[in-house]
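The values are calculated or read from the model by the stated rules, or taken from the named source; none is laboratory data. Here the structure is a predicted model, which means the values were calculated and not measured. Cβ: placed from backbone, ideal geometry, glycine included. Neighbour counts: every protein chain shown. These accessible areas exclude ligands, DNA and RNA; they are computed on the full protein's heavy atoms, side chains included. Shrake-Rupley method; radii C 1.70, N 1.55, O 1.52, S 1.80 Å.
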Amino acid sequence: LTLFTQVGGILWLICLPFFRKIRKKLPNPLQRWAAYALLYSFVYLLASFLIIPPLAKWQCGRVPLPIYKHPHLKPHNVFYYCILNHHYVRPELKAVAVNVAKKMAERHPDAVVCYLYANFPFIDGYPLEPHFSHKDGKKLDVALHWKGAKNNQPIFGTPSLLGYGACEGPLPNEVSFDEKCRNEGNWYRNLERDYLGQLDKENFVFDEKRTKEMIQLFAAEKAIGKILLEPHLKTRLGLAAYNKIRFQGCKAARHDDHIHIQL
């Protein structure tokens, strides 16, 4: 619970005295564990939506990204990124994401900026595994844009379950840094692709136009200091002139399934 939510273990400890009372009143194991689950779920959701947001802003200067309030900025997976408290950022990074989503909607009324991992609500230096640099509220991962393979129309989300692993790899005429990095022994670059998978890739086509526009808008924001993207996509999308857009190196996960932005 602590590994995946940061606060879940503490909330479980808070519930322990109530669990003891339930254990005395409900001798049936099935009923007892159902009561545990209901009580813990209630406490966890109450804390996540009413207590943690103001506490995180006060203690660490972090705020949650929109879940349903903003029609053009949404999480890829509400449970994984929001219920588990992975959607906290500094207010200035939230302002950037909202502004880029607004500008994308002005160009394309149906456009949605889809965010992935952000940060936990508390404690600078506490990493959000496996994205260990996401530990200060200054980082955010954003999904690439995709279209339907059959109708060529924009689709919200990505071909993979959590937004990671659906890679738009290098074309035959493009330099494959993935092959270079794996030859140097960095086999873990493909863990997200291999285990989170490209579950529905045949029904998706990479939307170069919207992805390029979105990256350009992020790069134009003064508050953004760095954007991580695989070199073959930087070249293909015609973004070579943008110094903020950089290769993350061979020792980090691939960035041709998402972009990483940071203050």
| note | Toy charge model, Lys and Arg Cβ at +1, Asp and Glu Cβ at -1: the stretch 1-148 dipole around Cα centroid in debye, rounded to 20, equals 500 debye
| message | What percent of all Cα-Cα pairs in the stretch 1-79 falls into each 5 Å bin, going from 0 up to the bin containing the maximum distance? | response | 3, 13, 17, 20, 17, 11, 8, 6, 3, 1
| task | Express the C-alpha Rg of the stretch 52-147 as a ratio against the empirical globular expectation 2.2 N^0.38 Å, rounded to two decimals. | result | 1.04
| request: For the stretch 1-145, calculate the relative contact order in percent as a whole number, restricting contacts to Cα pairs under 8 Å that are 6 or more residues apart. | output: 20 percent
| remark: Per the helix-only model, the chain has a calculated mean residue ellipticity at 222 nm (DSSP H runs of ≥4, -39500 (n - 2.57) each, divided over all residues, rounded to the nearest 500) of -10500 deg cm²/dmol
| query | In whole Hz, what ³J(HN,Hα) sequence does the stretch 43-49 give by Karplus (6.51, -1.76, 1.60; θ = phi - 60°), x for Gly and Pro? | reply | 5, 5, 5, 4, 5, 5, 9
| note | In whole percent, the fraction of accessible protein surface over the chain that belongs to carbon or sulfur atoms, probe radius 1.4 Å, stands at 62 percent
| field | Amide N of the stretch 216-238 lying under 19 Å from the label point, which is placed 7 angstrom from the Cα of Phe247 along Cα→Cβ | value | 226-238
| task | Identify, among Ile51, Leu229, Gln216, the residue whose Cα sits farthest towards the positive end of the charge dipole of the chain, taking +1 on the Cβ of Lys and Arg and -1 on the Cβ of Asp and Glu, with the dipole about the Cα centre. | result | Ile51
| task | Using only Cα atoms, find the angle between the long axis of helix 208-220 and the longest principal axis of the chain, and express it within 0 to 90 degrees, rounded to the nearest 10. | result | 80 degrees
| remark: For the chain, cysteines with no other Cys Cβ under 4.7 Å from their own Cβ are listed as Cys15, Cys60, Cys82, Cys114, Cys167
| query | Which order do peptides 253-259, 76-82 fall in by mean Cβ count within 10 Å, highest first? | reply | 253-259, 76-82
| query | If you place +1 on the Cβ of every Lys and Arg, -1 on the Cβ of every Asp and Glu, and leave all else neutral, what size is the dipole of the chain about its Cα centre, to the nearest 20 Debye? | reply | 1040 debye
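Given charges of +1 on the Cβ of Lys and Arg and -1 on the Cβ of Asp and Glu, with all other atoms neutral, how large is the dipole of the stretch 43-126 about its Cα centre, in debye to the nearest 20?
140 debye
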| note | Regression test value, accessible area per residue of the chain, probe 1.4 Å, units Å², expected 50 Å²
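How big is the Cα convex hull of the chain in projection, averaged over all directions, in nm²? Walk me through the numbers on the way to the answer.
On the way: hull surface 65.3 nm².
Seen from a random direction, the Cα hull of the chain projects 16.3 nm² on average.
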| task | Convert each backbone phi in the stretch 5-21 into a coupling constant with the Karplus relation 6.51 cos²θ - 1.76 cosθ + 1.60 (shift: θ = phi - 60°), then list the ³J(HN,Hα) values in order as whole Hz, x for Gly and Pro. | result | 10, 6, 9, x, x, 5, 5, 5, 5, 4, 7, 4, x, 6, 4, 4, 5
